[in-house]
Amino acid sequence: MRRAVCPGSFDPVTNGHLDIVGRASRLFDEVIVGVLINQSKSGLFTVEERIDMLREVTSSYDNVRVESFRGLLVDFCRAQQASVLIKGLRAVSDFDYELQMAQMNIGLAGVETLFMPTNPLYSFLSSSLVKDVAKWGGDVSAHVPELVREALATRLTQP
Ligand code: ADP
């Protein structure tokens, strides 16, 4: 069984994330989307909300599961019996940091990192940019699934 983990914050999931997850699902027997629980950073959505949205928008993939993790990513990989991490690379600016992480992770636990170039349609897209645009009423419908667009609209208009 060849398993890969796609880790991230997914606050919230965007079409850029989904493109990576979908492509990974065609390359591996199983893909586990790992949602980081970061106690020092509160997101717009709770981890449970992010997981619910991810489960919904990946439900058409039979071999994709969504789980949360805290602590070291390599420990999560070990617990899930996955030896590969998939990371999307948007621009050269992602590369420096990702290279450091990849080298640390292979040193810590022999977990390999494979970089997948972003679909050019989504190369400028990040969860934080989507939140900023949505906050000021901009149209994000081309960048996130419809249920995420609705969740953003609801959350950002709450007093
Ligand atoms: P962000 O908050 O920057 O959107 P996450 O921490 O949730 O990102 O990202 C998880 C993973 O998804 C990372 O490997 C990141 O490089 C990748 N990713 C995020 N956005 C995109 C995108 N638009 N295209 C390709 N990969 C992406």
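The values are calculated or read from the model by the stated rules, or taken from the named source; none is laboratory data. A quick note: this is a predicted structure, and the numbers were derived from the prediction, not measured. When we count neighbours, we look across all protein chains shown, and the Cβ atoms used for this are built from the backbone with ideal geometry, even at glycine.
Worth pointing out:
- Flag if Asp75 is more than 9 Å from the ligand (Cβ to nearest atom) and either outside any loop (DSSP other than H, G, I, E, B) or under 19 Å from the mean Cα position of the chain (by Cα) (or both): yes
Table: residues versus (1) at pLDDT 95 or above; (2) among the β-branched types (Val, Ile, Thr); (3) within 8 Å of the chain's Cα centre (by Cα).
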| site | (1), (2), (3) |
| --- | --- |
| Arg2 | yes, no, no |
| Val5 | yes, yes, no |
| Asp19 | yes, no, no |
| Ala24 | yes, no, no |
| Val35 | yes, yes, yes |
| Glu49 | yes, no, no |
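- Look at segment 2-18: where a residue is within 13 Å of Ser83 (Cα to Cα) and in a strand (DSSP E or B) and a partner is near the ligand (Cβ under 6 Å from one of its atoms) and of a type outside the set (Phe, Trp, Tyr), sitting 6+ places away or on another chain with Cβ atoms under 7 Å, you get Cys6/Ile20.
- Within segment 118-127, the set of residues being surrounded by 12 or more Cβ atoms within 10 Å (Cβ to Cβ) and either more than 7 Å from the ligand (Cβ to nearest atom) or of a type outside the set (A, V, I, L, M) (or both) comprises Thr118, Asn119, Leu121, Tyr122, Ser123, Phe124, Ser126, Ser127.
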